[in-house]
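One structure below.
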Amino acid sequence: MDIIEAIQSRNSVRQYTNQKIEAEKRQKLNELCSELNRESGLNIQIIYDEPKCFSGIMAHYGKFSGVENYIAIVGPKGKNLDELSGYYGQKLVLKAQEIGLNTCWVAMTHGKSKAVIEKGQKQSILISLGYGANQGVKHKSKNVSELAVISKDDPKWYLDGVNAALLAPTAMNQQKFKIERVGENAKITALNAMLAKFDLGIVKCNFEVASGHKTV
């Protein structure tokens, strides 16, 4: 599976089997995690074989079960943390999908994680990780015209990016963003909504991966 196929096939999964993540797959995720931390200045941590975080009432309320692995997005406190968390977390989400694992973004319905949080940092969000008991359900999407400015002269890269952005997971599937082409790049704007900055980072990641062009 390549990364475009990962974007197209990936769904949010909340129920997991007890199958352990193999050492080879852990190594691939860990290597990417280290690379992303160097690039972003974040302190993303992958926690394996730890069932307690998703064993409480909040996880039950969120309909999670069998979660024994998760990605903790940790980084310096600041106004950019949410967007950076979404952008770089999605890179790990897509890598997990590429190598046959499943994920789900989790904002509140979890317990205390085992992530190490240094002074001046905070944990912004978690991502469940593992072998899904199912492959999830494709979310319904708004019409392209509701989310992007489209014209007959738009190049293929822009349309590819828009289509990938429509497949990005957003909080409660709200899709509160707008895309428009700006020359050889695209401008993606977060609209006023809960967790909108996380969503913005995730959407930007999908767009850039699929289009090969930057967002501004």
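The values are calculated or read from the model by the stated rules, or taken from the named source; none is laboratory data. Given the structure is predicted, the values throughout are model-derived calculations rather than measurements. Reconstructed Cβ throughout: ideal geometry from the backbone, glycine too, with neighbour counts over all protein chains shown. Note: accessible area is taken over every heavy atom of the protein model, side chains too, but ligands, DNA and RNA are not part of it. Shrake-Rupley method; radii C 1.70, N 1.55, O 1.52, S 1.80 Å.
Side notes on the structure shown:
- Estimated FRET transfer efficiency when R0 is 30 angstrom, pair S65-M194 (beta carbons, to 0.05): 0.75
- What the phi angles of region 23-36 give under the Karplus curve with 6.51, -1.76 and 1.60, with θ = phi - 60°, is a coupling list of 4, 4, 6, 4, 4, 5, 5, 5, 5, 5, 4, 4, 4, 5 Hz, glycine and proline written as x.
- Virtual spin-label span in nm between V144 and K114, 7 Å along Cα→Cβ: 4.6
- Neighbourhood net charge (13 Å Cβ-Cβ; Lys/Arg +1, Asp/Glu -1) for V74: +2
- Taking 14 Å as the cut-off, the amide N atoms of region 86-116 that come nearer than this to a point 7 Å along the Cα-to-beta-carbon line of E39 belong to 86-96.
- For M108, solvent-accessible area (1.4 Å; no DNA, RNA or ligand), Å²: 120
- Three-way shape call for the chain based on the alpha-carbon gyration tensor, with the a/c threshold at 1.5: prolate
- Scalar couplings 3J(HN,Hα) for region 92-108, obtained by applying the Karplus form with A = 6.51, B = -1.76, C = 1.60 to θ = phi - 60°, are 6, 4, 5, 5, 4, 5, 4, 9, x, 9, 10, 8, 7, 6, 9, 8, 9 Hz; x denotes Gly and Pro.
- Linear extension gain, D49 paired with S151, 0.36 nm per residue minus alpha-carbon span: 31.8 nm
- Annotation for N18 and I3: the two label points, set 7 Å from Cα along the Cα-Cβ direction, are 3.6 nm apart.
- Per-residue packing, averaged as other Cβ atoms within 10 Å, sorts the ranges 119-128, 34-43 into the order 119-128, 34-43, beginning with the highest.
- Per residue, the chain reaches -11000 deg cm²/dmol at 222 nm when only DSSP H runs of four or more residues are counted, each adding -39500 (n - 2.57).
- Near Q97: Cβ cut-off under 15 Å, other residues only, Lys/Arg at +1 and Asp/Glu at -1. The net charge is +3.
- Cβ-defined net charge surrounding L195, 14 Å radius [Lys, Arg +1; Asp, Glu -1]: -1
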